[in-house]
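Have a look at the structure below before the remarks.
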Amino acid sequence: MKFQTAALLLLAASIEGFSPSSNPARTSVALNAKGLNVDLPSIESQIAYQPGAADTDFARKFGGPEYVNAEVRTVGEAFAAFTEEYGYSINALYKNMMNDIVGTVHLITVNARFVRDPVWSLGLLSTLELLLKNYPEEGMYERISSALFKSCNLDEAAIRADAAALSEWVEGKSKEDIEAVLKDADDSILGTTVKNIKDDEFWMYSKFFGVGLLQMMEKTGVEMDKDEVYPVMENWMSTQLGRSHLTACSDSDLFFRVKDKLEMMETMMKEIEIREKKRMAERLEEKAEAALRAAEREEKMQDEIKKEAEAIGAASE
């Protein structure tokens, strides 16, 4: 009986919500799962919606025409730009991976909340090095990376400079030194990044920032194992930066899984290469032995011909 009453009230409230009204802000009342009254926006208020015009801090920050009316390329257009910039066909083994990388970087960088920093730059370069360092065609790793940066409208020189500066600063530092800067930002390259993050209410985390933190951990002597990294990542992200650590820890786990698979694939490729070289050496050895035997037969045949000629000459005398 109570269920039927609640259903009737919900139906009546829904009908009320869709009834004509001269007030666009009018809301209807319904019962939620716990039987409490909740306000539902009317259809008029939904029709009157305008991008970036909400009365919120987020809309006030990102509601300007440079965001609302910005022309944002699709992932397909970004990959088309990458293909044109690269100018070659991607190796079949790397094609799906490059689709993912270009799409991921594009979607991150076109987000209005995205702000490039040295940690993110270090993470992006480390990811590209991990995934492309064994690309079959020699010299194409650098060309692919440059094509990716240009297709996503990124300044490659600035990214490499920021990553190099951060790596240089981290050298010789301990895990505790990094934690101290994450907690109380100083005027260092990392401290400036930390201050900007803490001052930005809408700061956006992305996976390359997490990879950048992993690279900093490795340089400070943290064992590169997902179980060892997890508590450090949790401490750096949640305790020191005051941001959620869940996605960062998930990204670090994914990083190690991909790294393990790539190392396994690299080992397998090296074993295949060794076997192929061994087979090639065996084939060359067999060819050399066959050539030697043929030479010996030829030599014997020439000796026999010579002896026979000498015998015929002696008989004619």
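The values are calculated or read from the model by the stated rules, or taken from the named source; none is laboratory data. Bear in mind that the values here come from a model prediction, so they are computed numbers and not experimental data. Glycine gets a Cβ as well: all are built from the backbone with ideal geometry, and neighbour counts include every protein chain shown.
Residues satisfying the criterion are absent from the range 71-85 (criterion: at pLDDT below 85 and in a loop (DSSP other than H, G, I, E, B)). Only a single criterion out of (1) outside the structural domain of Leu128 (by TED's automatic domain parsing); (2) under 30 Å from Leu213 (Cβ atoms) is not satisfied by Ala248, namely (1).
Select from the range 127-147 the residues that are farther than 19 Å from Asp251 by Cα and polar (S, T, N, Q) and write down the one among them that is surrounded by the most Cβ atoms within 10 Å (Cβ to Cβ). Result: Ser145.
The number of residues in the range 208-219 being touching an Asp or Glu at 6+ places or on another chain (Cβ under 8 Å) and either among the charged types (D, E, K, R) or modelled with pLDDT under 95 (or both) comes to 1.
This table checks each residue for (1) touching a Pro at 6+ places or on another chain (Cβ under 6 Å); (2) of a type in the set (Ser, Thr, Tyr); (3) modelled with pLDDT of 85 or more; (4) under 24 Å from Leu131 (Cβ atoms).
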| site | (1), (2), (3), (4) |
| --- | --- |
| Val229 | no, no, yes, yes |
| Asn235 | no, no, yes, no |
| Gln240 | no, no, yes, no |
| Asp251 | no, no, yes, yes |
| Lys270 | no, no, no, yes |
| Ala295 | no, no, no, no |
| Ser316 | no, yes, no, no |
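Residue pairs whose Cβ atoms lie under 8 Å apart, separated by 6 or more positions or on different chains, with the first residue in the range 137-162 and at positive phi and the second polar (S, T, N, Q), are Asn153/Thr109.
So, in the range 166-182, of the ones that are among the small types (Gly, Ala, Ser) and surrounded by fewer than 16 Cβ atoms within 10 Å (Cβ to Cβ), which residue ends up nearest to Met217 (Cα to Cα)? Of everything passing the filter in the range 166-182, Ser174 is nearest to Met217 (Cα to Cα).
One line per residue, one yes/no per condition, for (1) farther than 24 Å from Ile101 by Cβ; (2) out of contact with any strand residue (DSSP E or B) (no Cβ under 7 Å at 6 or more places or on another chain); (3) of a type in the set (Phe, Trp, Tyr):
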| site | (1), (2), (3) |
| --- | --- |
| Trp169 | yes, yes, yes |
| Lys173 | yes, yes, no |
| Val181 | yes, yes, no |
| Lys195 | yes, yes, no |
| Phe208 | no, yes, yes |
| Gln215 | no, yes, no |
| Gly221 | yes, yes, no |
| Lys226 | no, yes, no |
| Val229 | no, yes, no |
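Among the residues of the range 98-136, those identified as free of Cβ contacts under 8 Å to residues at least 60 places away in the same chain and hydroxyl-bearing (Ser, Thr, Tyr) are Thr109, Tyr135. The conditions of being within 28 Å of the chain's Cα centre (by Cα), among the aliphatic types (A, V, I, L, M) and modelled with pLDDT under 85 are not met by Met301. How about the range 178-208: which of its residues are hydroxyl-bearing (Ser, Thr, Tyr) and either in a helix (DSSP H, G or I) or in contact with a Lys or Arg (Cβ under 8 Å, 6 or more places away or on another chain) (or both)? Correct list: Thr192, Thr193, Tyr205.
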